[in-house]
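As structure tokens, the structure follows; a few thoughts come after it.
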Amino acid sequence: MAGRLHPIASFTFAALILLFTGGPVLLSLYGSLVPDRVLLSPDKSILTEGPNLETYRYVFTGQLPDSYLQESANRAMISDAARQVPGALINSSINALAAMLLNLLLGAPAAFVFARYVFPGKKLSFMYLILSPLVPAVALVTPIYMMMQFLGLVGTQIGIILVHTAKALPFTVLILSVFFRKIPAEIFEAAALDHCSRFQTFWRVALPLALPSVGATGLFAFMLSYSEYMYAFVMSGDDTTRPISVVMAAVAGNFDVSWSLLNTAIFIAIVPTTILVALTWRYVVEDLVSGAVKG
């Protein structure tokens, strides 16, 4: 009896997780495919009215939906900020990819040094690095803004990328240093006997073993940069550098905005991260699990 209940319990918990994680995505997709008159009507649905792509057409081409071309239509429900979604999507993707690469390029070697070597000030610098995320982000907005303004990086993508890199770097170092510590010391001793330098030991031995953790921390850095709002709002300039989080806040800030248009912007915004996670997370998890059960 217990053996029969176990699969049922597993399926129930998996279904609940899928409901709470995938449910909002499906709801935003549904809300983007039906106009407000269908979305807010209990007697109508996408099955009776069919899908409607007018809001997608407006976002990508600027052509108003037919219902808002009629006389006395409430044009305030159509937010001009939604037209910035495609460009903001590209900006956020570039920012997130660059922040992810910088995090891995800087964080992986730093984590390896912290995990495997002893040097003066190691404990103090590692403690400072790990505790720095505990400082409230709002307390750092003004000094970071002043520093970026002095460097002439306010209103540029480079400024946003550097801030997002610094924000995710402590987590990258912490996660990877824990993994590097778990690698058996005999492996590094064998590399030393083969006359490998410290860089060769890191590049040829430690890094290949840490690829699953590197992939996981890279995804974390990407997601953090893609969804971050406060620093992106302060550091971004006009619509040429504005990321998707800032544009989405502008769309949602219009209290009269069309629900269908808002759901369209939401669904377009979450598509890149959904695709990235779907393509890579499976392999990351498989490698982590396979590494955990070896030996």
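Couple of notes before you dig in:
- Of residues in the stretch 102-122 being surrounded by 10 or more Cβ atoms within 10 Å (Cβ to Cβ) and free of Cβ contacts under 8 Å to residues at least 40 places away in the same chain, the one farthest from Met223 (Cα to Cα): Lys122
- Selection count, the stretch 127-148, where residues are within 17 Å of Leu169 (Cα to Cα) and free of Cβ contacts under 8 Å to residues at least 24 places away in the same chain: 7
- Of all residues in the stretch 76-93, those satisfying the criterion of being surrounded by fewer than 17 Cβ atoms within 10 Å (Cβ to Cβ), at pLDDT 75 or above and closer than 17 Å to Asn263 by Cα are Asp80, Pro86.
- Selection from the stretch 133-180 of residues that are in a loop (DSSP other than H, G, I, E, B) and either under 20 Å from Met230 (Cβ atoms) or of a type in the set (Asp, Glu) (or both): Val135, Pro136, Leu151, Leu153, Val154, Gly155, Thr156
- Only a single criterion out of (1) more than 30 Å from Glu189 (Cβ to Cβ); (2) of a type outside the set (Ser, Thr, Tyr); (3) in a helix (DSSP H, G or I); (4) out of contact with any Gly (no Cβ under 9 Å at 6 or more places or on another chain) is not satisfied by Leu207, namely (1).
- Residue match in the stretch 181-190 (condition: assigned to a helix (DSSP H, G or I), surrounded by 15 or more Cβ atoms within 10 Å (Cβ to Cβ), assigned by TED's automatic domain parsing to the domain that holds Leu129 and at pLDDT 90 or above): no
Per-residue answers, yes or no, for (1) farther than 30 Å from Thr156 by Cα; (2) modelled with pLDDT of 80 or more; (3) outside the structural domain of Ile244 (by TED's automatic domain parsing):
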site: Leu27; (1), (2), (3): yes, yes, yes
site: Tyr30; (1), (2), (3): yes, yes, yes
site: Leu39; (1), (2), (3): yes, yes, yes
site: Lys44; (1), (2), (3): yes, yes, yes
site: Gln63; (1), (2), (3): no, yes, yes
site: Asn74; (1), (2), (3): yes, no, yes
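The values are calculated or read from the model by the stated rules, or taken from the named source; none is laboratory data. Worth saying up front: this structure is predicted, and the values here are computed from it rather than measured. Heads up, the Cβs are rebuilt from the backbone with ideal geometry, glycines too, and the neighbour counts pull from every protein chain shown.
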